[in-house]
Amino acid sequence: MARPKYVVVDTNVWVALHHEDDALHNKARQLFAQFDERGVTAVVTDYIIQEVFSVTSRVSNQEDAMAFYDYIVGLKRVETIDVNSFLLRRVVQFIRVRGLTKPLGLIDYSIIFFAEFVDCPIASFDKQLVQSAKKLGVMTW
């Protein structure tokens, strides 16, 4: 695979990046340093942003979640994709055609779909997501 221009970044990486007391915080910082070194743009869907917002609100508070949202969308090399009804239908079709009923949910399968669609790797600390992506032939970071 050629050097990727994009990487789909999963919720758990964003959460670890934001929360310094997270066990994976340093690993997340290292990932983003690699992205910067290689000129890679992080791709984030509105689904992922909603999950990050929800987790950050629970772990910290609503103001912290809003500040982190501003941080994500303000980064230089971050591209946000809104999952509209057309894309949602494509994700559902992707799940149906491939018979993907387990072990992941809609958001994780949408991450795999987008990574395949854009032909880029996935950055995630979720072992099931990484394993499923590899099984489907989608690269991981």
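Here are a few things to note about the model shown:
- Qualifying residues in segment 31-45 (those that are in contact with a strand residue (DSSP E or B) (Cβ under 7 Å, 6 or more places away or on another chain) and part of a helix (DSSP H, G or I)) - the one farthest from ALA16 (Cα to Cα): PHE35
- 2 or more residues closer than 15 Å to THR41 by Cα: qualifying helices (runs of 4 or more DSSP H) within segment 62-141: 62-74, 106-118
- Any hit, segment 9-17, residues being in a loop (DSSP other than H, G, I, E, B), touching a strand residue (DSSP E or B) at 6+ places or on another chain (Cβ under 7 Å) and either surrounded by 13 or more Cβ atoms within 10 Å (Cβ to Cβ) or free of Cβ contacts under 8 Å to residues at least 60 places away in the same chain (or both): yes
Every number here is computed from the coordinates shown, using simple stated rules; none is lab data. Since we're looking at a predicted model, the values are computed, not measured. Neighbour counts run over all protein chains shown; Cβ positions are idealised from the backbone, glycine included.
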